[in-house]
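The values are calculated or read from the model by the stated rules, or taken from the named source; none is laboratory data. Not measured: the values here are computed from a predicted model. In this analysis, Cβ positions are derived from the backbone assuming ideal geometry, glycine residues included, and neighbour counts consider all displayed protein chains. For the accessible areas, the whole protein counts, side chains as well, though only heavy atoms, and no ligand, DNA or RNA atoms are used. Shrake-Rupley method; radii C 1.70, N 1.55, O 1.52, S 1.80 Å.
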Amino acid sequence: MRTKHLWLSVVTGAAVGAASYYLKKTLSARTAKAAPGSSAAPAEASAASPAAVTKEAVYSFISGFKDASTVEFRFRYDADRFHYAVAEDDFLTESGDSHVGILTGEDFSVQFEYGTYYSGEDFALLTQELSSRHPDLDRASYGALTGVQFRDGDNFCLAFPVPEDAHSYLLMTLVKAPDNDDELEAIPGTPEFRRLLDSATFSRV
């Protein structure tokens, strides 16, 4: 298991099945104006712009062998716009992992999975290997996460090292929804995508 899946193109029809998760809800908002100095203005503004319902997603996996530990990757998402689940089959893209995390939205979906380094390898060496295969390899930074990103066929991938972990890294595979006309490479820079990863953290349990 390791970088075997990093450069695999999306399996034909991989997004099929994920489509069933797509939420059909849309946020509605109404604007209200209050006269200057009106004490009702704050209450009306609050009612007009309800806060998003956020949930915490957790993807956990065992890292290491003799000194194995459980790593948890967490992030927060808008439950009105996305659905999150840990899956053991029906993956978005091909994976050798036993389970992956899948975040499904109207415009894009993301698969979260762990990768394992070769003996003696680390994230720096992995990055060198990826750069030889993907000339577009670039730095990726979100909140506490710093890693690399690159296009892989019909997918866009992001890889991040697990802090203080000599065994594993996290791979994210971004899949664009069929009816999304945005450029695939532009999605990681959108405010919606950044909000997801800016909230992300690693921990051990």
Under a 1.4 angstrom probe, counting protein chains only, how are Tyr118, Tyr59, Tyr84 ranked by accessible area, largest first? Tyr118, Tyr84, Tyr59
Spacing of the two label points (7 Å from each Cα toward its C-beta) at Ser131 and Arg194, in nm: 2.5 nm
Please list, in order, the residues from segment 97-136 whose amide nitrogen is less than 17 Å from a point placed 7 Å along the Cα→Cβ vector of Asp179. 104-109
Just in segment 138-205: which GluC sites (Glu not before Pro) are loop by DSSP and have at most 14 other Cβ atoms within 10 Å? Glu164, Glu183
What's the extension gain from Glu106 to Tyr118 if we count 0.36 nm per residue and subtract their Cα-Cα distance? 0.7 nm
How far apart, in nanometres, would the label points at Asp80 and Ala166 be if each is projected 7 angstrom from Cα along the Cα-to-Cβ direction? 4.8 nm
Any chance you could run the full-extension gain for Lys66 through Asp154? It's 0.36 nm times the residue separation minus the Cα-Cα distance, nm to one decimal. 27.9 nm
How many angstrom lie between the Cα centre of segment 89-123 and the Cα centre of segment 128-202? 11 Å
I'd like the accessible area for Glu72, computed on protein heavy atoms only with a 1.4 Å probe and all protein chains in place. Round to 10 Å², please. 30 Å²
